[in-house]
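Enquirer: The structure follows.
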Amino acid sequence: VTKPLRIGLAGLGTVGGGVARVLISRADALAMRAGRRIVLTAASANVVRDKDLDLSSVSREDSPLALAARDDIDLVVELLGGHEGAALELVEDALSAKKHVVTANKALLAHHGGSLAALAEENGVALSFEAAVGGGIPIVKAMRESLIAFDVTELKGILNGTCNFILTQMESTGRAFPDVLAEAQELGYAEADPTLDVGGADTAHKLALLASLAFGTAPDLAAVSVTGIEHIKPADIAFAREFGCRIKLLGAARLNDGALEQRVHPAMVKAGTPLADLEGSFNAVVADLGEAGPYIFEGRGAGRGPTTSAVVADIVNIARGAIGPVFGRPASSLVRANPTPLEARQGRYYLRFQVLDAPGVMASISRRLADAGISIDSMHQPNRPPGEPVAIAMITHEAQHVAVRRALKAIAASDNLFEEPCMIPMENT
Ligand code: NAP
Ligand code: HSE
């Protein structure tokens, strides 16, 4: 009889509580899938928030680090969060002790993925992270195991459920940003520190991991250019509709002649396309494989259910004996690509200026744009009584990112503006 796989679970919050429930309540079904029993042997958490979770068969450790030291544990599930401190120490200790690790911690892997992958391979154990990207979507497995006959040339996606929930709720209900963010937190979508979600860092963590899986590069978080959604106003959401678009927080990566572009920013996406029409906490990833692509993966991207699904899938895969290289290639082969700066990007841009509706204001904005070689494609200015503040929105023809930034700086320095200009790239999807 094959020996059971014995699990030590660190963290019993939104995700950990869900994983504990499934491991206990669906033990027979999982044993059937895995070909051996999977036993939740020990757990560690500051508090158990699920009052009805029966952990009577599970031994408890005060410190999560104790899980890595126990002889009766084969696999440690890290669901504490954070890219350093207890999470990092636990994963390093567990791998060094030749225990498999499953984690949902994209921050940890985006910061330390290269060295942790090397440690896992050195010790002949798995380090699996399906839940770290795209919630329940099996995108890591697809990138690691399925999309390999041809090179991925480009990938882009909506990778943060909290931001997609906020943007779609603001659009469909007119609710204010802080109110919708509070609901995303209640629903278990947001990070313990939600500035990671709305500031774009969480999307950057996931993008760095996807880029590594896609292009065989070491995760390079520092090279991701990141803009979040905090500056998006209801006016931008309304203007997007006027221009036939929806605003989405995108993560996009492309390897071109050995140079890697990784960017995270809100983008104007043409309505009616799969990424533009993605609602609520859903995530989607579009991967292009040249002659064999593109492929689109979509599903629930955040919250207890989808994340638990991905963590448990990793555990069952390991129970079956799947211990491949962490990023789909040997850790020693992961290369460091030259980053392509966002400033070099050529594209069209949505611009919004909050100005005083007075003679010459529009002319002054157009002149500064023209001085930077930027031409306006279309424009929208709602009616207002003269002398009142008004928002002017426009879309430019193709321009270089750095030129647009320079023009906006000059415009922002004028007396006519009430707030910083807003700039959102138009995205071809
Ligand atoms: P959470 O609800 O805050 O749960 C974290 C758990 O870990 C809590 O039980 C917490 O205890 C415990 N913990 C943290 N540090 C600890 C320490 N040093 N010692 C003992 N216990 C400690 O977070 P979560 O949403 O479950 O997220 C867990 C991980 O999954 C994170 O890496 C997150 O990025 C990732 N993830 C989350 C989602 C999602 O939708 N929520 C989706 C994908 C990935 P206290 O509550 O007492 O602090
Ligand atoms: N906070 C993350 C999100 C959780 O909203 O997408 C899933 O990784």
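The values are calculated or read from the model by the stated rules, or taken from the named source; none is laboratory data. Just so you know, these numbers come straight off a predicted model, no measurement behind them. Note that we place each Cβ from the backbone using ideal geometry, even for glycine, and neighbour counts take in every protein chain shown. Each accessible area value is taken on the protein alone, full model and side chains, heavy atoms only, with ligands, DNA and RNA left out. Shrake-Rupley method; radii C 1.70, N 1.55, O 1.52, S 1.80 Å.
Enquirer: Which value, in Å², gives the accessible area per residue of the chain when a 1.4 Å probe is used on the protein heavy atoms? Mind dumping the intermediate values first?
Expert: Numbers: 17970 Å² over 429 residues.
I get 42 Å² per residue for the chain.
Enquirer: Please work out the Cα center distance from segment 1-25 to segment 68-102, rounded to the nearest Å.
Expert: Segment 1-25 and segment 68-102 have Cα centres separated by 14 Å.
Enquirer: Here's something else I'd like to know. At a 1.4 Å probe radius, carbon and sulfur cover how many percent of the accessible area of the chain? Numbers along the way, then the final one.
Expert: Details: 9120 of 17970 Å².
About 51 percent, which is the carbon plus sulfur part of the accessible surface.
Enquirer: Relative contact order (percent) for the chain, with alpha-carbon contacts under 8 angstrom and 6 or more residues of separation?
Expert: On the way: 952 pairs, mean separation 70.0, N = 429.
Relative contact order, the chain: 16 percent.
Enquirer: Then there's this: Enter the angle in degrees (range 0 to 90, nearest 10) between the Cα long axis of helix 401-412 and the first principal axis of the Cα atoms of the chain, meaning the one along which they spread out most.
Expert: On a 0 to 90 degree scale, this one is about 60.
Enquirer: Hey, another quick one. Counting only chymotrypsin sites (Phe, Trp or Tyr not before Pro) that are in a DSSP loop and have at most 12 other C-beta atoms within 10 Å, tell me the longest site-free stretch of the chain. Walk me through the numbers before you get to the answer.
Expert: Numbers: sites that count: Phe150, Phe418.
Free of exposed loop sites, the longest segment is 151-417.
Enquirer: Considering only protein heavy atoms, what is the solvent-accessible area of Arg246 at a probe of 1.4 Å, reported in Å² to the nearest 10?
Expert: Per-residue accessible area (Arg246): approximately 30 Å².
Enquirer: Among Pro306, Phe282, Ile237, which residue has its Cα positioned farthest towards the positive end of the charge dipole of segment 232-315, with +1 placed on the Cβ of Lys and Arg, -1 on the Cβ of Asp and Glu, and the dipole taken about the Cα centre?
Expert: Value computed over the given set: Ile237.
Enquirer: Now, a different point. Ordering Ser146, Ser333, Ser128 from largest to smallest accessible area (1.4 angstrom probe), what's the sequence? All intermediate terms of the calculation are to be shown ahead of the outcome.
Expert: Numbers: Ser146 80, Ser333 55, Ser128 10 Å².
Most to least solvent-accessible, the answer reads Ser146, Ser333, Ser128.
Enquirer: For a quick protection proxy, order the peptides 372-383, 263-274 by their average other-Cβ count within 10 Å, most packed first.
Expert: On the way: 372-383: 13.5, 263-274: 20.2.
Those peptides, ordered most packed to least, come out 263-274, 372-383.
Enquirer: Relative to the longest principal Cα axis of the chain, at what angle does helix 14-25 sit, 0 to 90 degrees, rounded to 10?
Expert: Rounded to the nearest ten degrees, it is 40.
Enquirer: Still on this structure, please answer the following. What lysines could a cross-link reach from Lys98, if we take a straight Cα to Cα line under 29 Å and drop same-chain neighbours fewer than 8 places away?
Expert: Cross-link targets: Lys3, Lys106, Lys141, Lys206.
Enquirer: Another question, then. What's the local net charge at Ser332, with K and R +1, D and E -1, over the other residues with C-beta under 13 Å away? Before the final figure, lay out each step's value.
Expert: Details: positive: Arg329, Arg336; negative: Glu121, Glu122.
Net of charged neighbours comes to 0.
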